[in-house]
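The values are calculated or read from the model by the stated rules, or taken from the named source; none is laboratory data. Nothing here was measured: the structure is a model prediction, and the numbers come from that model. Here the Cβ positions follow ideal geometry from the backbone for every residue, glycine too, while neighbour counts run over all protein chains shown. Quick note on the areas: whole protein, heavy atoms, side chains included, nothing else; ligands and nucleic acids left out. Shrake-Rupley method; radii C 1.70, N 1.55, O 1.52, S 1.80 Å.
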Amino acid sequence: MDLVGQLVTIAAVLVGALTTHMTNHLMERQRTRYAMLTRWDERKLDAYTGYIDHVRRCVYSAVLLYEVRNGMRAIDRAESDLTLELAEAEGSRGRAFERVMLLAENQVIEAAHAVNRAAAAIDWQARGATDGTLEDWRELHRTVFSAINVFHEAARDDLGVNGNFHGDAHSSRDLILPRATRENDA
């Protein structure tokens, strides 16, 4: 009986040790998985914010070129310099888009494609590659900023950010765009 009691005690100690080892292993594995997810979320956030920064830089470069080309603004820079600046901004936007493509889920990628299409339309009209009125120009801006809002929402979902901002109050805000300076553009 004394031998059986000792064997039960030894078995209980071994089962306890094995259980402790398995629990520690699973907890460490979970901690590592969480650390990896957090690391990727940080990289995604950097990619998403960087992409939108580059999109906005393109839009602002296009606005300057458009306003100079259409006599809405006078500055001491040549139109060719502004066109080159826009081309450089487009290249940066393309590289930032590639980072999004590498890190994002499908919903974010689709939203980024929509942003690229809308931003490219602005770039083309700014350069004069496509024709349009000032109202067309303004509609292009509404479209790109609407697409940016959709991108933001998709990125927030991908990152697990709680809440949303795509309500009526946010979407109804209009853009600050210049008034028509010529009668025929109104």
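Here are some notes:
- Charge dipole of the stretch 22-100 about the Cα centre (unit charges at C-beta), most positive-ward option of Val59, Thr49, Leu84: Thr49
- Rounded accessible area per residue of the stretch 1-123, 1.4 Å, Å²: 64
- Atom-type composition of the exposed protein surface of the stretch 18-118 places 54 percent of the accessible area on carbon and sulfur (1.4 angstrom probe).
- The accessible area of Ile52, taken with all protein chains in place and a 1.4 Å probe, comes to roughly 10 Å².
- Per-residue Karplus couplings for the stretch 73-82, computed as 6.51 cos²θ - 1.76 cosθ + 1.60 with θ equal to phi - 60°, are listed in order as 8, 10, 9, 8, 10, 6, 4, 5, 5, 5 Hz, Gly and Pro entered as x.
- Rounded to whole Hz, the Karplus (6.51, -1.76, 1.60) HN-Hα couplings of the stretch 110-121, x for glycine and proline: 4, 5, 5, 4, 5, 4, 4, 4, 5, 5, 5, 4
- Local electrostatic count at Gln107 - Lys and Arg +1, Asp and Glu -1, tallied over other residues with Cβ under 12 Å: -4
- Sparsely packed loop sites in the stretch 34-103 (the trypsin sites (Lys or Arg not before Pro) outside DSSP H, G, I, E and B with at most 15 other Cβ atoms within 10 Å) comprise Arg73, Arg77.
- Sorting the segments 154-160, 13-19 by their residues' average number of neighbouring beta-carbon atoms within 10 angstrom, most packed first, yields 154-160, 13-19.
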